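Asker: After the structure tokens below, expect a handful of questions from me.
The values are calculated or read from the model by the stated rules, or taken from the named source; none is laboratory data. Computed from a predicted structure; not experimentally measured. All Cβ positions, glycine included, derive from the backbone under ideal geometry; neighbour counts span all protein chains shown. To get the accessible areas, we keep the full protein, side chains included, count just its heavy atoms, and leave off ligands, DNA and RNA. Shrake-Rupley method; radii C 1.70, N 1.55, O 1.52, S 1.80 Å.
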Amino acid sequence: VRNIDDNCPLVSGDATQIHQVALNLMTNGFHAMTNMGGTLTISLGALEFPGEGLLEETGLMPGQYLCYSVADTGVGISRDNIDKIFDPYFTTKPQGKGTGLGLAVIKGIVENHGGAIHVESRPGFGSLFRVFFPTINEDRKTVPSPGPARNQKGDEHILLVDDQKSVINVERQVLEVLGYKVTGRLSGKDALDTFSAMPDRFDLVVTDMSMPGMTGDELAGKIMQIRPEVPVILLTGYSESIGREKALKMGIRDLLMKPVRLREFSGVIRRELDGNGKN
């Protein structure tokens, strides 16, 4: 079902990224109804904030927004999961069937356009996703203030290391949405070879801790021997693998536990690139 207002106001943004948001939300709605059938409703129209009680929940500033919504009549989302669905890596799909990529990237795109995304769902009754983009003012030159700072962006070059290709794909797309250039490597050895060949090419290194052959802390130590000033961020899903205090004593700039929230991830990266972290 389509409910499209043909006289919608304009928004300012990246057409490819906004298309990715629209397509991904429709695909997720379709998947939610795969085994039971149902109705997918797509709506597009202008909305004035405050208006529907979402001002506080979304963190948006008062003003006019374009609202794109996708509603399905599928399986819905449980209360336990609804607060996690925008986290990188989170997925309810079986092993090998999903990476948790879609909604994390969507949230990053929307917030980087000064907007917000809101979800309502009941198990067995479907889900409603609403995306809000600030509209261009009547003079067609400016857009409303996006309000408080969201995900922090940049254009530096990051070396990304993890032995799981699906994780590399998640993190790469999240970082590319934020504007960074990303080189991914699937082992500590390959990452070290790449860094050694062009040590001045990279502004920051993000590496997983638990990898066969060469662990993340070992890789960090070797990289810092080549360029002591390069910031290295270590990601781990196992708190017993290495403690934060030990990591910082080694010269690693920060240790983040998986799953890491997008806002925290972007904030730590930006802090280290700006030279506001340890060392």
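Table: residues versus (1) of a type in the set (Val, Ile, Thr); (2) modelled with pLDDT under 85.
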position	(1), (2)
24	no, no
30	no, no
38	no, no
51	no, yes
66	no, no
75	yes, no
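Asker: Please verify whether residue 161 is hydrophobic (A, V, I, L, M, F, W, C), open to solvent by less than 40 Å² (accessible area, probe 1.4 Å) and more than 26 Å from residue 103 (Cβ to Cβ), treating the condition exactly as stated.
Answerer: No.
Asker: How about segment 179-226: which of its residues are surrounded by 20 or more Cβ atoms within 10 Å (Cβ to Cβ), charged (D, E, K, R) and part of a helix (DSSP H, G or I)?
Answerer: If the condition is that a residue be surrounded by 20 or more Cβ atoms within 10 Å (Cβ to Cβ), charged (D, E, K, R) and part of a helix (DSSP H, G or I), then 217 is the only one that fits.
Asker: Additional query: Among the residues of segment 27-52, how many are aliphatic (A, V, I, L, M), more than 22 Å from residue 135 (Cβ to Cβ) and surrounded by 12 or more Cβ atoms within 10 Å (Cβ to Cβ)?
Answerer: 3
Asker: Can I ask one more? Looking at segment 182-220, which of its residues are touching a Gly at 6+ places or on another chain (Cβ under 9 Å), within 24 Å of residue 259 (Cβ to Cβ) and of a type in the set (D, E, K, R)?
Answerer: 208, 218
Asker: Specify the residue that is modelled with the highest pLDDT; the eligible residues are those in segment 227-279 that are of a type in the set (Asp, Glu) and open to solvent by 40 Å² or more (accessible area, probe 1.4 Å). Talk me through it step by step, then tell me what you get.
Answerer: Going through segment 227-279, the residues of a type in the set (Asp, Glu) turn out to be 229, 240, 245, 254, 264, 272, 274.
Applying the additional criterion that residues be open to solvent by 40 Å² or more (accessible area, probe 1.4 Å) yields 229, 240, 245, 264, 274.
On the way: 229: 95, 240: 59, 245: 85, 264: 84, 274: 92.
Taking the candidates together, the pick is 229.
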